[in-house]
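Heads up: the structure comes next, in structure tokens.
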Amino acid sequence: MLELAIKGSRRYWGLVIFLLAIIGVGFISYLYQFRIGLGITGMSRDVSWGIYIGQFTFLVGVAAAAVMVVLPYYLHNYKKYGKIAVLAEFLAVPSVIMCMLFIFVDMGQPLRVLNVLLHPTPNSVMFFDMVVLAGYLFLNILVGWTILGAERKEAPPPKWIKPFIYIAIAWAPSIHIVTAFLYAGLPGRHFWLTAIMAARFLASAFAAGPALIIILCLIVRRFTKFDPGKEAIQTLGKTITYTMILNVLFLGFEFFTAFYSQIPGHMHSFVYLYTGLHGYSQLVPIMWLSSILAVVALFLLIFPQFRKNESLLAIACMATFFSLWIDKGFGLVVGGFVPSPLEKITEYWPTLPETLITLAVWAIGFLVLTILYKIAVSVKEEVVFDKYGEKQVQTE
Amino acid sequence: MSMNRREFLKIAGISTILGLGGVSAVHGLRNRVEASQISPAPKALKAKRWAMVVDMSKFKKEEDYQRCIDACHQVHNVPNITDNPKHEIKWLWKETYEHAFPGTEDEYLSEEIKHLPFLVLCNHCDNPSCVRVCPTKATFKRKSDGIVMMDMHRCIGCRFCMAACPYGARSFNYKDPIPFINEAKKNLEFPTRTKGVVEKCTLCYERLATGLQPACVEASKGALIFGDIEDPNSGVRKVLGARYSFRRRPELGTRPSVYYII
Amino acid sequence: MYNGGKIIIGVIIFVGLVTFPFLYSGGKTTAKPDPKVDTPEILKLAENERKCVEPKAYMKGEHMKMLNEWRDWVVRDGNTIYTATNGKQYTMSLQNTCMKCHSNKKKFCDECHNYTAVKPYCWDCHIEPKEKES
């Protein structure tokens, strides 16, 4: 099926070249970082993780979110998701690849990456995270490719793939729970040391991921002959509504525990993030932006009459995605380091090369996504009737 | 036997991967140096678990602190990075009371105590959280004497240990440290570090192996007491038995091996 | 021949790539390395004392593995003394044992390593002995 990726329109190639250009600039920045060290980033002795690990954390969630489509489709036989299951699985693949790349660019000694396998350490959550991510990547490529291949031949998917599908469904939340455990088990980091961290991670992931899937579905419908289906998009919108409500609730629980208990260590990071602490307030504007976006998203999602309007749903999805991207991809990581366990404040902001490298990793992800979606959509365009015999709606 | 090109390529690919893996595994086993004739040095200082008591009553002048810090940083080739405080490397340093013991200060605490500098270093915890999180065992607790060691050869620079340490005892080499080491004072018997690895106090394991006390202890003129905490007759146990002592953040369950007395 | 032109161009590119290293070096050969063991520190020793921790052939083939093992024994296990096959004891240390005798790093280490194009990262951290310019 790979040959479908090299036959495309000018617009397709334009996008590919645009992404390659961003990757090129980021690659040069990475060579600079490789030579000088991580000192070219904004990270410091006190804030020792920054946007790289933040993006990694966020993207593990996006990868895990495929399960929100795959689970209803395979376990509950929700046929409307038949058209977009592959799109969800193929979103997980570039997400995991980006996760791995973000870990890699964050390493001080990247050439020693194999030490993790040479000296396996089961008590380290980082080791576990590597293992489950690699497993999840394999499962999604296997399942997505096999099912799409079967669809192309207009045959039902082979029976042996079933167990892998069920394993992948159980595996998806596990990758994000393990990622939450990276943070939630560290003594002296009050902001992260909370049992609801894993639950909050899952809620935010299952909002941000499906939001991205809806946006991608709308783009696919706009630019190709393949229609993912109005009903599938609406159902996914309902999922986002509930998970986003849960996510905001969980954040509220954190606020309650911190501010009703009045324990200084539990309050400090929240104070720093939302109002500034001892005159340091670099992150306050973006945290408020995240909060406002969350309110806008909830407003549009909760009322069915807004949600049923696809343009408003698109806005709600964008608001959800960017709100969570700021909250989890940035605030969550930096907030854990400020103030430091010694109650000192060092602020963090990514530098230019760090930003270019981050953009390049995203571009690599989008490139893989573009190629996979190109293949998937080409197959789907060929098959006019899906396997339940439902004619696909032509928009043009 | 019928086999199409696709199947042939699949089988050939998989056998190549398995073959290469197998060869390297056998290779690795065969070529270990045939030697078990190794031993600790006979004059090495030994303990079940090393511990240190910092007697703050003996740190009176600026110079009392600096002597210990300089001894440590010089003997271990610790770079003096002053151009960017974010990239600082510290093994042994001063921290005021409010930062060394956060959460214990109150609003009526005298300014003098609040800003009293304490000498701080890696606590060589009995239950170290940094060791728990390291994905490569680059940082580990030595079974023989409880030192929380750093294997700088193995560190991949993921900085998980820095997030896990509640004492800020770990420094990361954000850039090549060698230009920041005073060439004239370089200790040629001890290595430097490279960019991209984490480092911290190693309780002078290299000096203990040759029968010497840690460099800071030697320079402290009795202000730092060093010994085996599991030996009831050791110096540290005698001090701890006689005077009120406290540790940094004991509520976190890391069980630090560095004690403070005032 | 189907696609004859393409095949011929492909073959030319392939041959070019394969022979590039030879053409690039102009057929010259690099001088065979000749590591020297005539440092002042070694010459100071009595004739029969001039021996490495293990026999020359073993050191030549296995020194890299030995250094790796030494490293783990010292840093990880806290064992610092190595008893050689001839019964003599040495402190395991690259900087303080090996390089004390082999104080000519450029001639002793670098020449072979350059010849075989291996780049050990020992010297990223370990301090090389000060060599007198000759």
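The values are calculated or read from the model by the stated rules, or taken from the named source; none is laboratory data. Not measured: the values here are computed from a predicted model. Note that we place each Cβ from the backbone using ideal geometry, even for glycine, and neighbour counts take in every protein chain shown. What goes into the accessible areas is simple: the full protein's heavy atoms, side chains included, and nothing from ligands, DNA or RNA. Shrake-Rupley method; radii C 1.70, N 1.55, O 1.52, S 1.80 Å.
A few points about this structure:
- In the context of the full protein assembly, C:TYR115 retains an accessible surface of approximately 110 Å², using a probe radius of 1.4 Å and ignoring ligands and nucleic acids.
- With each label modelled as a point 7 angstrom along the Cα→C-beta vector, the C:VAL118-B:LEU212 pair spans 3.2 nm.
- 24 Å Cα-Cα threshold exceeded, pairs from A:LYS80/A:LYS308; C:LYS32/C:LYS107; A:LYS83/A:LYS374; A:LYS344/B:LYS186: A:LYS344/B:LYS186
- For chain A, the relative contact order comes to 30 percent (Cα pairs under 8 Å, sequence separation of at least 6).
- Measuring heavy-atom accessible area with a 1.4 angstrom probe and counting protein chains only, the residues of segment A:108-122 that give up at least 30 Å² relative to the chain alone are A:GLY108, A:GLN109, A:ARG112, A:ASN115, A:VAL116, A:HIS119, A:THR121.
- Against the main long axis of the alpha-carbon atoms of chain A, helix A:352-382 sits at an angle near 20°.
- Ratio Rg/Rh [Cα only; Rh per Kirkwood] for chain B: 1.11
- The apolar share of the surface of segment B:63-205, taken as the fraction of accessible area on carbon and sulfur atoms (1.4 Å probe, ligands and nucleic acids excluded), comes to 53 percent.
- Chain A - mean residue ellipticity at 222 nm from DSSP helices (-39,500 (n - 2.57) per run, n ≥ 4, rounded to 500): -23500 deg cm²/dmol
- Rel. contact order, % - alpha carbon contacts under 8 angstrom, at least six apart, chain C: 27
- At a threshold of 40 Å², the residues of segment B:37-62 that become less accessible to a 1.4 Å probe in the full protein assembly than in their chain on its own are B:GLN37, B:ILE38, B:SER39.
- Eligible aspartates and glutamates near C:LYS106 by straight Cα distance, threshold 17 Å, same-chain separation 8 or greater: C:ASP34, C:ASP38, C:GLU41, C:ASP124, C:GLU128, C:GLU131, C:GLU133
- Using a probe radius of 1.4 angstrom, the carbon and sulfur fraction of the accessible surface of segment A:1-105 is 73%.
- Rounded to the nearest 20 debye, the dipole size of the protein assembly as shown about its Cα centre is 1700 debye, using +1 on the Cβ of Lys and Arg and -1 on the Cβ of Asp and Glu.
- Accessible area buried, both sides summed, chains B and A with 1.4 Å probe, Å²: 3600
- Accessible surface for B:CYS204 stands near 10 Å², nearest 10, in the context of the full protein assembly shown (1.4 Å probe).
- Gaussian network model of chain A, springs between alpha carbon atoms under 10 Å - residue of A:THR224, A:THR243, A:THR179 with greatest fluctuation: A:THR224
- Span-like helix criteria (full DSSP H runs; alpha carbon extent of at least 30 Å along the helix axis; mean Kyte-Doolittle hydropathy of at least -0.5) are satisfied in chain B by B:5-30.
- Rounded to the nearest 10 degrees, the inclination of helix C:56-75 to the longest alpha-carbon principal axis of chain C is 70 degrees.
- Residue-averaged beta-carbon neighbours from other chains (10 angstrom radius) around A:48-54: 3
- At an R0 of 45 angstrom, the distance between the Cβ atoms of B:LEU188 and B:LEU18 translates into a FRET efficiency of 0.40.
- Exposed-site-free run, longest, chain B (rule: chymotrypsin sites (Phe, Trp or Tyr not before Pro); DSSP loop; at most 15 other C-beta within 10 Å): B:109-243
- ³J(HN,Hα), Karplus 6.51/-1.76/1.60, whole Hz, each residue of segment A:318-335, x for Gly, Pro: 4, 4, 4, 4, 6, 4, 6, 4, 5, 5, 9, x, 9, x, 4, 6, 5, x
- Label-to-label distance, A:LEU117 versus A:TRP160, with points set 7 angstrom from Cα along the beta-carbon direction: 2.3 nm.
- Accessible area per residue for chain A is 41 Å², calculated with a 1.4 Å probe on protein heavy atoms, without ligands, DNA or RNA.
- Cβ charges +1 (Lys, Arg) and -1 (Asp, Glu), total dipole of segment A:2-379, debye: 1120
- Here chain A yields Rg over Rh of 0.97, to two decimals, using C-alpha coordinates and the Kirkwood radius.
- Of the residues B:THR104, B:PHE226, C:PHE14, the one whose Cα sits farthest toward the positive end of the charge dipole of the protein assembly as shown, with +1 on the Cβ of Lys and Arg and -1 on the Cβ of Asp and Glu, is C:PHE14.
- Rounded, prolate or oblate (a/c below 1.5 giving rounded, otherwise prolate when a/b exceeds b/c) for segment A:7-142 by Cα gyration tensor: oblate
- Taking all Cα-Cα distances within the protein assembly as shown, those exceeding 47 Å account for 33%.
- Å² of accessible area per residue within segment B:50-261, as computed with a 1.4 Å probe and no ligands counted: 39
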